[in-house]
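Undergrad: The structure that follows is given in the form of structure tokens.
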Amino acid sequence: MKRSIYRIRLRDDVQRTPAFWRSVRNPYDVHGMVWRIFSDGSRKDRDFIYRLEMQEASPVIYAVSTAEPVDLDGIWAVESKEYNPVLRTGQRFGFSLRANPIRSKRDEERRQHRHDVVMDAKVLLEQSGCPSDAMPSQEILVQKEGFSWLSSRSEAAGFAVEEGMVRADGYRQHRFKKPKGKHWVSISTIDFTGVLTVTDPERFEQALYAGIGPAKSFGCGLLLIRPV
């Protein structure tokens, strides 16, 4: 199956238009915007992963997709190239990843709940009686819990990471409602950068195409790599 990687940026004349910025106020708005770019109106399943970055105060979308983007609104400049990386065991890549690291737990009634790994670590420390003056800083917790989460996912995704070779930061909490929705949606994200080693080329290729972790509809999971 042919896949391409895209860099899609907002045209300079459009980014000065207030109407555009009013239309993308939260992750659900961005999700709808990206879906519109990659959907021809007939597809029901998402066949792309993406990440939105702000570069010089302008939105840039990086995406991997089997479908070509369609600029229905005439506001995007699209760059693309075929995405078919040649991979081998032991290969090292620099990488960046925005992910939604969560920990699944069951309550007393055996119902499963998803917990943000950073907030979950804070709660566990508080419950253990850790005094406030001994509580690790958020920066330390993000690094520790973020790396632990990524490391736990790496084997299934065909790569390995080493402590000291990965930085986890940029922790953010996003809270929004879907249109006509009654309940708040909460998503936390961490940005990872560093160096990884390929351990299983087939699994790693799948991770590049399908992404890592949950919340892919909201711009999480796209693993971008470069040779080192």
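Undergrad: Of the chain, which part is the longest with no GluC sites (Glu not before Pro) in a loop (DSSP not H, G, I, E, B) and with at most 16 other C-beta atoms within 10 angstrom?
TA: 156-228
Undergrad: Follow-up question, since we're still on this one. Please identify, among 58, 96, 128, the residue showing maximal mean-square fluctuation in a Gaussian network model of the chain using a 10 angstrom Cα cutoff.
TA: Taking springs between Cα atoms under 10 Å, the residue moving most is 128.
Undergrad: From the C-alpha coordinates alone, can you work out the Kirkwood hydrodynamic radius of region 124-228, in Å? It would help to have the intermediate numbers written out before the result.
TA: On the way: mean 1/r = 0.0633 Å⁻¹.
Result for region 124-228, one decimal place: 15.8 Å.
Undergrad: Gaussian network model of the chain, Cα springs within a sub-10 Å range: biggest mean-square fluctuation belongs to which of 131, 214, 201?
TA: 131
Undergrad: Taking a threshold of 29 Å on the Cα-Cα distance, which of the pairs 177/216; 81/178; 122/180 fall above it? Could the numbers behind the result be given before it?
TA: Working: 177/216 17 Å; 81/178 33 Å; 122/180 33 Å.
Exceeds cut-off: 81/178; 122/180.
Undergrad: Ok, one more. By how many nm would the segment from residue 130 to residue 53 lengthen if fully extended, with 0.36 nm per residue of separation less the alpha-carbon distance?
TA: 24.0 nm
Undergrad: Can I ask one more? As an exercise, use a Förster radius of 22 Å and the Cβ-Cβ distance of residue 226 and residue 67 to find the FRET efficiency, rounded to the nearest 0.05.
TA: Working: r = 24 Å, r/R0 = 1.11.
After rounding, the FRET efficiency stands at 0.35.
Undergrad: Taking R0 as 25 Å, what's the FRET efficiency between residue 119 and residue 152 from their Cβ-Cβ distance, rounded to 0.05? Present the calculation step by step, with values, prior to reporting the outcome.
TA: Working: r = 17 Å, r/R0 = 0.70.
E between residue 119 and residue 152, to the nearest 0.05, is 0.90.
Undergrad: In addition: Using Cα pairs under 8 angstrom and six or more residues apart, how large is the relative contact order of region 92-227, in percent?
TA: Relative CO of region 92-227 lands at 38 percent.
Undergrad: Under a point spin-label approximation (7 Å from Cα along Cα-to-Cβ), what is the residue 177-residue 36 distance to one decimal in nm?
TA: Computed distance between label sites residue 177 and residue 36 equals 2.2 nm.
Undergrad: Now, a different point. Normalising by the residue count of the chain, find the relative contact order in percent from Cα pairs under 8 Å and 6+ residues apart.
TA: For the chain, the relative contact order is 28 percent.
Undergrad: At most 13 other Cβ atoms within 10 Å and a DSSP loop assignment: could you name the trypsin sites (Lys or Arg not before Pro) in region 115-195 that fit?
TA: Filter output for region 115-195: 180, 182.
Undergrad: Sort out for me the Cα centre separation of region 119-138 from region 168-217, rounded to whole Å.
TA: 25 Å
Undergrad: Would you mind telling me which residue in 121, 210, 99 has the biggest mean-square fluctuation in a Gaussian network model of the chain, where springs connect alpha carbons within a distance under 10 angstrom?
TA: Maximum fluctuation in the GNM of the chain, among the listed residues, is at 121.
Undergrad: Which of these values of mean projected area of the Cα convex hull in nm² was calculated from the structure shown: [x] 15.6; [y] 13.3; [z] 17.1?
TA: Only one listed value fits the structure, namely [x].
Every number in this text was worked out from the coordinates using simple rules, so none of it is lab data. Bear in mind that the values here come from a model prediction, so they are computed numbers and not experimental data. Cβ sites come from the backbone with ideal geometry, for glycine too, and all protein chains shown count toward neighbours.
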